[in-house]
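Working notes, structure below.
Laboratory data are not the source of any read-out in this text; all were calculated from the coordinates shown. From a predicted model like this one, the values you see are computed outputs, not experimental measurements. Note: ideal-geometry Cβ built from the backbone for every residue, glycine included; neighbour counts use all protein chains shown.
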Amino acid sequence: MEKSRRHHYLPQCFSEQFADENGKLTVYDKDKDCYFPGTPMNLFVEIDRNSLRDENGIVDDKIERMYSKIDGKFATTLHRVVETGNLSVEDLRLILFLAYSTKWRVPQYDNAFAEAKKLLTVSDLGLRVRSEGKQLAVDLEVAFNSEEKQEMKRLLLALQPFRHTQEYQKIFKNSFLLSSPIPSFIGDCPFNEYPVNTNQLFEDFVFPISKHLTLIHTTRVAKEDLTKALERGDYDSFIGAFSRARDCSILFTSERFVACADRLYLKDIVDIYKTTKARISSPDLIQCAVFEVLHNYGTYLHL
């Protein structure tokens, strides 16, 4: 079997949800400060990113083939959710997994992953051997003796929210979709976690799943209250502020590439981002801005 070489660190089926009706995107390169046309096929890809050595020292693309199968499940669910705008229980579970797996899959988190895989064994991450209902004292880390197997820890890290029953229930209960007519950016690091130091194991996050739908997890806002407020308040004011803050935060968290279906809107937000970054003392505030809008929604809804 011929080995693959072009490996998408953001699933192509995910990037496709942000393209225009012709399947095109305009891309902004932060390093070169320039714009160019792109397609989901050619974005967020690295040569041989998931070509890794097995225990025999042979370079193989097993990890990429594994991601391909998982991405196939993501594709079906994303298409259904984007088409209907609704989330079933199973859809939400898979979309949450897409969010957390995206966090650990992108190059932006490579350094954090390198540290995590040194510190955490596969047993620490929940992989254990059981027999007749009893956990066996087996050191599985010994079996994870290649860079290929160690790479599996990215998926185990993404599964951590699902291991802790109470935390998972909290995440599930406090996650919802927010629709916006303003086309969202997709960046090379699209999972934006609230960067505050608290005792919460899993923080609030904002994660666009298509150009018009954003998955939100927050324990600081009751989604039922927000839904009712959106019905009676100044929706346009809130959604405009939320969308601009969301896309500026994506520009901030992204390492290099950001893309959007609307070229003019992309340029406008890039200009706002540059101006804002130049005048504030702490650029990290840009990352927090979307959470500040969300947590203080009443101000923007003029309630």
Exercise. In the Gaussian network model of the chain, springs joining C-alpha atoms below 10 Å, which of SER180, SER146, SER15 carries the largest mean-square fluctuation?
Worked result: SER146
Exercise. Which whole-number percent is the relative contact order of the chain (Cα, under 8 Å, 6+ apart)?
Worked result: 21
Problem set entry | Under Karplus coefficients 6.51, -1.76 and 1.60, residue-wise ³J(HN,Hα) of segment 217-233 in Hz, glycine/proline x | 10, 8, 9, 9, 10, 7, 4, 5, 5, 5, 4, 5, 5, 5, 6, 10, x
Seminar exercise, completed: Taking LYS62, LYS149 and counting other beta carbon atoms within 10 angstrom, the fewest-first order is LYS62, LYS149
Problem set entry | Degrees between helix 263-279 axis and first principal axis of the chain (Cα, 0 to 90, nearest 10) | 90
Exercise. For ARG5 and ARG220 in one chain, what is 0.36 nm times their gap in residues minus the Cα-Cα distance, to one decimal in nm?
Worked result: 73.1 nm
For this session: Using a Förster distance of 22 angstrom, determine the FRET efficiency expected from the C-beta separation of ASP271 and SER237, and round it to 0.05.
Result: 0.60
Exercise. Aspartates and glutamates within cross-link reach of LYS3: Cα-Cα under 13 Å, excluding same-chain residues under 8 positions apart?
Worked result: ASP48, ASP60, ASP61, GLU64
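Taking neighbour Cβ counts within 10 Å as the exposure measure, how do PHE205, PHE36 sort from fewest upward?
Ordered from fewest to most neighbouring Cβ atoms within 10 Å, PHE205, PHE36 come out as PHE36, PHE205.
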Exercise. By average Cβ neighbour count within 10 Å, what is the ranking of 222-228, 187-193 from highest down?
Worked result: 187-193, 222-228
Exercise. Which value, in debye to the nearest 20, describes the size of the charge dipole of segment 45-166 about its Cα centre when Lys and Arg Cβ atoms bear +1, Asp and Glu Cβ atoms bear -1, and nothing else is charged?
Worked result: 440
Seminar exercise, completed: Along segment 86-92, Karplus-curve 3J(HN,Hα) (6.51, -1.76, 1.60; θ = phi - 60°) to the nearest Hz, with x for Gly and Pro, reads 10, 10, 6, 4, 5, 4, 5
Exercise. For LYS117, which lysines qualify as cross-link partners when the Cα separation must be under 21 Å and same-chain residues fewer than eight apart are set aside?
Worked result: LYS62, LYS103, LYS149, LYS153
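At a 10 Å Cβ-Cβ cut-off, how would you order GLU21, GLU46, fewest neighbours first?
Listing GLU21, GLU46 from fewest to most nearby Cβ atoms yields GLU21, GLU46.
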For this session: For the chain, find the longest principal axis of its Cα atoms and tell me its angle to the long axis of helix 284-295, 0 to 90°, nearest 10.
Result: 70
Problem set entry | CD proxy at 222 nm, helix term only [per DSSP H run n ≥ 4: -39500 (n - 2.57); per residue of the chain; nearest 500] | -14000 deg cm²/dmol
Problem set entry | Gap separating the Cα centres of segment 249-283 and segment 72-101, nearest whole Å | 27
For this session: Any lysines with Cα under 19 Å of the LYS277 Cα? List them, leaving off those in the same chain fewer than 8 positions away.
Result: LYS30, LYS32, LYS267
